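Chemist: I'd like to ask you about the structure that follows.
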Amino acid sequence: MSKLLEQVLQLDPDTELHFKGPFTDVVTSYLSLYNPSERRVCFKVKTTAPKRYCVRPNSGFIEPKETVRVAVMLQPFDYDPLEKNKHKFMVQTMFAPNGDVSLETLWKDANSENLMDSKLKCVFDPPPDKTPQDNLDPNTGHVEEKSLLIKPSSDTVPKSSPKASSADQELKKVQEECKRLKDELAELQQLNSKLKEEGPRQRIARGITESSSVIQKRDSSHSDKVQSTSTTVPSAGSEELQQPTSMMFLVVIVAIFILGFLMGKFLL
């Protein structure tokens, strides 16, 4: 078995790719490839979990004394600190021949003796509020996990703040004020309905008083006319003038009585 050549490129980082949580969105880690040689180098980036990562660019050429920055994007997933991560990357390189060549053809016809590779391990850094499980001792990891479940951290226990209590008091005051306004609105509605009911009654009473005053005025005018005529007409006809006047007065009284009866029945 032939021995692989030493990697010509300088990788940064050279052994591990770190991805910082939380992992609810795409997390990107960058890998720099520097070509210190005097020859052009072609490269290709491979991974053991191609469905979990997106690499841009994943292959290409690096001119002498130049650097290519590769973005390695980890797709979102449900992070489990107890799950062991076995994802790895490999950067495979070889010197490119002179002239225009196709990368696909070059890698297809490549001789394994001319290949150079470097391997990197993927490391998932947990979110700040999570304790890294990789640093736990194997014999005490489960015990510490149980203690965390039984005794939650003081940071996760909600504490009542003075702002919250003052907000509750303000909310209570607002609710009481709303209740008071509703009661006042109900009282105003009842008063309005009573005024609507009393309105027709007052108009009817006003009409009765006005009609009675008109009748009284008419009676007084008629009485004045009768008196004036009685002074000019001989005494022999005074009985004939008094008879129609008394009849008219009787009719007025009956009309007032009927009108009062109808009004009382309407009000009841």
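The values are calculated or read from the model by the stated rules, or taken from the named source; none is laboratory data. Keep in mind the model is a prediction, meaning the values are calculated, not measured. Using ideal geometry, Cβ is built from the backbone for each residue, glycine included, and neighbour counts are taken over all protein chains shown. Accessible surface is based on the protein model in full, side chains and every heavy atom, while ligands, DNA and RNA are left aside. Shrake-Rupley method; radii C 1.70, N 1.55, O 1.52, S 1.80 Å.
Chemist: Quickly run through region 5-14 and pick out the residues that are loosely packed, with under 13 Cβ neighbours inside 10 Å and at pLDDT below 95.
Modeler: Scanning region 5-14 gives a single hit, GLU6.
Chemist: Could you look through region 81-97, keep only residues that are assigned to a loop (DSSP other than H, G, I, E, B) and touching a residue at least 40 places away in the same chain (Cβ under 8 Å), and pick out the one that is most open to solvent (accessible area, probe 1.4 Å)? Outline the logic, then answer.
Modeler: Pass one, region 81-97, residues assigned to a loop (DSSP other than H, G, I, E, B): 81-87, 96-97.
So of that shortlist, the ones also touching a residue at least 40 places away in the same chain (Cβ under 8 Å) come out as 81-82, 87, 96.
Values: PRO81: 37, LEU82: 97, HIS87: 32, ALA96: 8 Å².
The residue in question is LEU82.
Chemist: Does region 187-194 contain at least one residue that is part of a helix (DSSP H, G or I), under 30 Å from ILE256 (Cα atoms) and modelled with pLDDT of 70 or more?
Modeler: Taking region 187-194 and keeping what is part of a helix (DSSP H, G or I), we get 187-194.
Now restrict to residues that are under 30 Å from ILE256 (Cα atoms): 194.
Narrowing further to those that are modelled with pLDDT of 70 or more: 194.
Within region 187-194 (the criterion being part of a helix (DSSP H, G or I), under 30 Å from ILE256 (Cα atoms) and modelled with pLDDT of 70 or more), the answer is yes, since at least one residue qualifies.
Chemist: Output the residue which, of all residues in region 32-60 that are within 23 Å of LYS108 (Cβ to Cβ) and without any contact (Cβ under 8 Å) to a residue 40 or more places away in the chain, is least open to solvent (accessible area, probe 1.4 Å).
Modeler: Going residue by residue through region 32-60, those that are within 23 Å of LYS108 (Cβ to Cβ) are 33, 35, 39-48, 50, 55-60.
Then drop every residue that is not without any contact (Cβ under 8 Å) to a residue 40 or more places away in the chain, which leaves 35, 50, 55-58.
Working: ASN35: 0, PRO50: 89, VAL55: 17, ARG56: 139, PRO57: 51, ASN58: 75 Å².
Here the answer is ASN35.
Chemist: Would you say PHE19 is over 14 Å from ASN114 (Cβ atoms), in contact (Cβ under 8 Å) with a residue 24 or more places away in the chain, in a loop (DSSP other than H, G, I, E, B) and open to solvent by less than 40 Å² (accessible area, probe 1.4 Å)? Outline the logic, then answer.
Modeler: Working: over 14 Å from ASN114 (Cβ atoms): yes; in contact (Cβ under 8 Å) with a residue 24 or more places away in the chain: yes; in a loop (DSSP other than H, G, I, E, B): no; open to solvent by less than 40 Å² (accessible area, probe 1.4 Å): yes.
Against the criterion (over 14 Å from ASN114 (Cβ atoms), in contact (Cβ under 8 Å) with a residue 24 or more places away in the chain, in a loop (DSSP other than H, G, I, E, B) and open to solvent by less than 40 Å² (accessible area, probe 1.4 Å)), PHE19 does not qualify.
Chemist: May I ask you to list the residues in region 36-80 that are outside any strand (DSSP E or B) and either under 19 Å from VAL101 (Cα atoms) or touching a helix residue (DSSP H, G or I) at 6+ places or on another chain (Cβ under 9 Å) (or both)?
Modeler: Residues satisfying the conditions are GLU38, ARG39, ARG40, PRO57, ASN58, GLU63, PRO64.
Chemist: Does region 109-132 hold any residues that are modelled with pLDDT of 90 or more and hydroxyl-bearing (Ser, Thr, Tyr), and which are they?
Modeler: Passing the criteria: only SER118.
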